[in-house]
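The values are calculated or read from the model by the stated rules, or taken from the named source; none is laboratory data. It should be emphasised that the depicted structure is a prediction, and the values quoted were computed from it without experimental measurement. Here the Cβ is made from the backbone with ideal geometry for all residues, glycine too, and neighbour counts use every protein chain on show. Just so you know, the surface numbers come from the protein's heavy atoms only, side chains and all, with ligands and any DNA or RNA stripped out. Shrake-Rupley method; radii C 1.70, N 1.55, O 1.52, S 1.80 Å.
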Amino acid sequence: MSPVSYEIIENIGIITIDNPPVNALSHAVRVGLVETVHQAQNDESDALLLICTGKTFIAGADISEFGKPPQEPFLPDVLNTLEQSDKLIVAALHGQALGGGFETALSCHYRCALASAKVGLPEVNLGLLPGAGGTQRTPRLAGVKVALDLILSGKPISASTALEDHLIDHVFAEGDLKTQALAYTKGLVAQKAPLRRASEQEIDQNSFDGAIFDQYRKTYAKKLRNQNSPQLIVDCVEAATKENFTDGMKIERDAFLQCRASDQSAGLRHIFFAERQAAKIKDLPRDTATRDIQSIAIIGAGLMGGGIAMNFANAGIPVKMLEINDDALNKGLANVAKIYRSMAAKNRISPKESEKRIALISGTTDYNDLQDVDLVIEAVFESIEVKKDVFTKLDQVCKDGAILATNTSYLDINEIAQFTKRPQDVIGLHFFSPAHIMKLLEIVRADETVDDVMASAMALARKIKKVPVQARVCYGFIGNRMLRQYQREVQMCLIEGASPEQIDKSMMDWGMAMGPLMVADLAGLDISYKARQALSDEQKGDPKSYRIPDVLFEMGRIGQKSGSGYYIYDPQTKARTADPSVNDIIEREAAAFGVTRKAMSDEEVLNRLSLALINEGFKILEEGIAQRASDIDVVYCFGYGFPKYRGGPMLFAQTRGLDKVYQDICAYRESHGDLYWTPSKLLQNLVETNTSLSDWEESTQ
Ligand code: T1G
């Protein structure tokens, strides 16, 4: 049954698309659209109205088709059929008209929308560009700057903004879209409204400054570093100002096909689906009941506690922070208020919204005030003794059925659960600093965590707009466990010959949001130093892997907050400069280890760091700590600044070739020993049996 249906009501031909969940422009939809518009040319209708069922207008091309051989009719041709219709066509928008969906609307002669509708061209988020006329029609309707901002930002705009930008023609107050759109279409017929084809509109050459294109190329070369589609988008919009529509469409089509075939787009599309896949917990029935979470308490009002509290206030949920004394509590409350007010000052939220959220966060120093809360999240110092004290108290005061969560980064949640008489209600909610900004939330399912607690945590994550990934209990769960191997190799490269600035530059040139030593300085060398003190020498591993940060810490160089760490920081601007004395320290410590340092290539640095990450990722997968390889990619892209256009460490390994990855790891085992370079057994097995990672995952479903 075609997802496109047709009926004539009051002489208006209504084309309805019903292709859940988001009315994507699948092959069947494209075929149905062409057939219906052709059929309607000769029937008794006076005009046509395109509308969608369900929660949204067309949300774009069907991304799941991109990995397969393309099937005609291709979308640009479908939209040409709409635009060349001899009968006036109106698009009626609700929900989100995105990508190819909005391009479909732009190829219609008029567009109307519910006030709540949004329109956008988010293809850049997938390493693509609007490939069905978006780069050619948008500047003709709205002008060059609006087109560049809409397409390069990838962000949807409201119906009212789109109306101001002449991208849509009429906005309805809320209510029944079909009824209102039908009346609007009949009105156009009555007025004998002309067929308005965007492709026939000219761009006024005086309406823009020709320098705008290079300005946007420069801006987006920084904003979306290393990514190709933004640059091609500018080329296409510029072509719209210089070429006729047909030639401009050829340029757009070539650029789109180049993007679609790129590894960058494959990586971004992989992460798009991986993020949604991670929300599906394999052994958790989809209809698992969730507990009602109306009131929340955070133990600890420090940097993490305050940031975590803000997530709930942002979602309109009241939250109570508990601290050990009034001073600490007032400091925490003041800090949260300061962050919200600075957001208002930067127009990120309105002053009214800022005060509303501040009012949602209250405080106490009395555990007895927590008797009725539905969820407690502990965010205190990383010490098992402190956690024991907190969870013992929580177990005494909290009501039955309250969920007791810990934000610990490394400690054993199974051990923490045993501090209570209700281990089934204990779970890990591992936020990432700054907790009110970072999207990733590792949800750590301990051995005794019951299903409805897990389901409640997943639902809550969605409510506070986090990207949840399930982890099982181990040292560092998924992200930090991999980070520890990555950081180990950073240190080994320093001792063997690389400089801090070389390591950071090579990783940032490769696409990491920040270099590892910049991250270390930002997080604070004191934090990692104290965490190391809780480890035995055996757990700490090779002294070469932590000697430099120990020496820096002992010198009081604890990172950006102290003005120096691996780098020196300007006290006002925080600008970072290399410090030759750090290289002297590294030389001295390397000599003390009997290591003769020698120059190391950027490629060697990248190899060592990425392979350490990948090998640990395979170990995490084989141990069942992560549900699937793509979950690991989500963790690293949303929590650690791994470039999404490379799809994450596990996709990067598959793109590079598992056999090559395995050979390189074995080579490092030969040259550096098996303490750190023993290959994952899973990786070895996949290579020796020539099995792909996806086949292995399917076989272990
Ligand atoms: N194609 C295929 N499946 C899609 C899809 C799409 N475009 N968009 C969403 N889905 C699936 C998604 O995987 C999930 O599946 C389900 O729908 C619900 O999605 C030619 C080339 C529309 C804002 O980039 O931003 O058009 O997990 O969980 O939170 O120029 O989906 O249930 O099996 O995200 O309510 C451009 C992408 C494509 C929009 C809804 N369009 N989608 O969010 O639901 S390229 C986009 C979204 C293009 C043209 C170019 C969001 C949403 P499952 P969801 P949501």
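What number of residues in the range 597-636 are outside any helix (DSSP H, G or I) and crowded, with 24+ Cβ neighbours inside 10 Å? I'd like the intermediate steps shown before the answer.
Residues of the range 597-636 outside any helix (DSSP H, G or I): 597-601, 623-628.
Add one more test, that the residue is crowded, with 24+ Cβ neighbours inside 10 Å, and what stays is 626.
Number satisfying all stated conditions: 1.
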Practice item. Go through (1) away from the ligand (no atom under 11 Å from the Cβ); (2) in a loop (DSSP other than H, G, I, E, B); (3) open to solvent by 40 Å² or more (accessible area, probe 1.4 Å) one by one and return the number of the condition residue 281 breaks. Key: (3)
Review point. Any idea how many residues of the range 517-558 are touching a Leu at 6+ places or on another chain (Cβ under 7 Å) and either part of a helix (DSSP H, G or I) or within 30 Å of residue 223 (Cβ to Cβ) (or both)?
Key: 5
Study note, to complete from the structure: Being farther than 19 Å from residue 127 by Cα, open to solvent by 40 Å² or more (accessible area, probe 1.4 Å) and either not in a helix (DSSP H, G or I) or not assigned by TED's automatic domain parsing to the domain that holds residue 635 (or both) narrows 235, 247, 254 down to just 247
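Here is a check on your reading of the model: is residue 80 open to solvent by 40 Å² or more (accessible area, probe 1.4 Å) and under 19 Å from residue 134 (Cα atoms)? Explain how you work it out, then say what you get.
Values: open to solvent by 40 Å² or more (accessible area, probe 1.4 Å): yes; under 19 Å from residue 134 (Cα atoms): yes.
So residue 80 passes the test.
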Exercise for review: Return yes or no: is residue 289 within 21 Å of the chain's Cα centre (by Cα) and under 13 Å from residue 459 (Cβ atoms)?
Suggested key: no
Exercise for review: Among what's in the range 569-595 and is touching a Gly at 6+ places or on another chain (Cβ under 9 Å) and free of Cβ contacts under 8 Å to residues at least 12 places away in the same chain, pick the residue that is surrounded by the most Cβ atoms within 10 Å (Cβ to Cβ).
Suggested key: 570
Point to revise | Condition met for residue 147 (within 16 Å of the ligand (Cβ to nearest atom), under 28 Å from residue 244 (Cβ atoms) and at pLDDT 95 or above) | key: yes
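Is it the case that residue 250 is closer than 22 Å to residue 205 by Cβ, without any contact (Cβ under 8 Å) to a residue 12 or more places away in the chain, more than 16 Å from the ligand (Cβ to nearest atom) and not small (Gly, Ala, Ser)?
Numbers: closer than 22 Å to residue 205 by Cβ: yes; without any contact (Cβ under 8 Å) to a residue 12 or more places away in the chain: yes; more than 16 Å from the ligand (Cβ to nearest atom): no; not small (Gly, Ala, Ser): yes.
So residue 250 does not fit the description; no.
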Exercise for review: Kindly provide the set of residues from the range 523-568 that are closer than 28 Å to residue 672 by Cβ, in contact with a Pro (Cβ under 7 Å, 6 or more places away or on another chain) and surrounded by fewer than 18 Cβ atoms within 10 Å (Cβ to Cβ), ordered by number.
Suggested key: 529
Check your understanding: Looking at (1) open to solvent by 20 Å² or more (accessible area, probe 1.4 Å); (2) in contact with a Lys or Arg (Cβ under 8 Å, 6 or more places away or on another chain); (3) over 22 Å from residue 246 (Cα atoms), can you tell me which one residue 211 breaks?
Key -> (2)
Review point. Does residue 317 fit the bill of being modelled with pLDDT under 95 and outside the structural domain of residue 628 (by TED's automatic domain parsing)?
Key: yes
Exercise for review: Could you tell me which numbered condition residue 66 fails, if it satisfies all but one of (1) buried (at least 24 other Cβ atoms within 10 Å of the Cβ); (2) among the hydrophobic types (A, V, I, L, M, F, W, C); (3) at pLDDT below 95?
Suggested key: (1)
Check your understanding: Quick one: residue 71 ticks every box in (1) modelled with pLDDT under 95; (2) within 15 Å of residue 256 (Cβ to Cβ) bar one, so which box is it?
Key -> (2)
Check your understanding: Does the range 318-341 contain at least one residue that is outside any loop (DSSP other than H, G, I, E, B), among the hydroxyl-bearing types (Ser, Thr, Tyr) and more than 24 Å from the chain's Cα centre (by Cα)?
Key -> no
Exercise for review: Please work out if residue 268 is surrounded by fewer than 21 Cβ atoms within 10 Å (Cβ to Cβ) and of a type in the set (A, V, I, L, M, F, W, C).
Suggested key: no
Practice item. Select from the range 637-650 the residues that are open to solvent by 20 Å² or more (accessible area, probe 1.4 Å) and either in the same structural domain as residue 223 (by TED's automatic domain parsing) or at pLDDT 95 or above (or both) and list them in ascending order. Key: 638, 644, 646
Exercise for review: Would you tally the residues in the range 653-697 being open to solvent by 30 Å² or more (accessible area, probe 1.4 Å), within 20 Å of residue 271 (Cβ to Cβ) and either assigned to a helix (DSSP H, G or I) or β-branched (Val, Ile, Thr) (or both)?
Suggested key: 5
Practice item. Could you list all residues from the range 87-101 that are within 12 Å of the ligand (Cβ to nearest atom), touching a Pro at 6+ places or on another chain (Cβ under 9 Å) and either open to solvent by 10 Å² or more (accessible area, probe 1.4 Å) or closer than 24 Å to residue 189 by Cβ (or both)? Key: 96, 97, 98
Review point. What are the residues in the range 105-134 that are touching a Ser or Thr at 6+ places or on another chain (Cβ under 9 Å), open to solvent by 10 Å² or more (accessible area, probe 1.4 Å), more than 9 Å from the ligand (Cβ to nearest atom) and of a type outside the set (Phe, Trp, Tyr), if any?
Key: 115, 116
